[in-house]
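Data block below; observations after.
The values are calculated or read from the model by the stated rules, or taken from the named source; none is laboratory data. None of these values were measured; they are calculated from a predicted model. When we count neighbours, we look across all protein chains shown, and the Cβ atoms used for this are built from the backbone with ideal geometry, even at glycine. Heavy atoms of the whole protein, side chains included, go into the accessibility calculation; ligands, DNA and RNA do not. Shrake-Rupley method; radii C 1.70, N 1.55, O 1.52, S 1.80 Å.
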Amino acid sequence: MEVVSWEPRAFIYHNFLSKEECEYLINLATPYMVKSTVVDSKTGKSKDSRVRTSYGTFFRRGRDKVIRAIEKRIADYTFIPVEHGEGLQVLHYEVGQKYEPHFDYFVDEFNTRNGGQRMATLLMYLSDVEEGGETVFPAATGNASSVAGWNGMSECAKEGLPVKPKMGDALLFWSMHPDTTLDPSSLHGACPVIKGNKWSCTKWMHVGEYKI
């Protein structure tokens, strides 16, 4: 495990997924990819948005043996029960595609009815990216230029604390402080892919049981 930041609390689990698991999720998701959406805070429904230009699909929690094994591993590493997690979301970013900085926590009552607030996110990288595609925390504290590989990061990534995608790695970050207050330093985004493709898989985890 590598500590990325304490504000926000962010950590990398290297080699969290095997190459075979990464390829399995990509192959499973490929036929179902659609334009990514964002959640409307007033209605809780998905809507199109220019801030998020990737493609994605969701897998129901416990969908198959491989996914169940990954979800159990997530629970073991994070100490958050499987039942508190949403289904896996696989995302694909092509050249130029991005996700503007945003929060994973909610500021409305509608989206916290099921499971309560989102407390943590595990972002698993299913592929390497030739250039760009970094995850960046614009509001993080600390010396971002001390990050390994800083000089090879894209300009977007240098606008905060960056994490470069690497196949099999998993980035865990917390949207809430230990005292359960929301953490605004968890603001994060996905930099545009400059060269190559980026595949990732997201698991959002809630304070309480998330019913599916």
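Some notes on this structure:
- For Leu182, the criteria (1) open to solvent by 40 Å² or more (accessible area, probe 1.4 Å); (2) out of contact with any Asp or Glu (no Cβ under 6 Å at 6 or more places or on another chain); (3) over 25 Å from Gln89 (Cα atoms) hold in every case but one, which is (3).
- Segment 185-212, residues that are open to solvent by less than 10 Å² (accessible area, probe 1.4 Å), closer than 18 Å to His84 by Cβ and basic (Lys, Arg): Lys203
- Test: Pro165 is assigned to a loop (DSSP other than H, G, I, E, B) and crowded, with 22+ Cβ neighbours inside 10 Å: yes
- Complete set of residues in segment 12-25 that are touching a strand residue (DSSP E or B) at 6+ places or on another chain (Cβ under 8 Å) and either within 14 Å of Arg63 (Cβ to Cβ) or surrounded by 18 or more Cβ atoms within 10 Å (Cβ to Cβ) (or both): Ile12, Tyr13, Phe16, Leu17, Cys22, Leu25
- Residue within segment 129-152 that is outside any loop (DSSP other than H, G, I, E, B) and in contact with a Lys or Arg (Cβ under 6 Å, 6 or more places away or on another chain) present: yes
- Annotation note: of Thr53, Thr78, Thr37, the sole residue that is modelled with pLDDT of 95 or more, among the hydroxyl-bearing types (Ser, Thr, Tyr) and within 29 Å of Ala140 (Cα to Cα) is Thr78.
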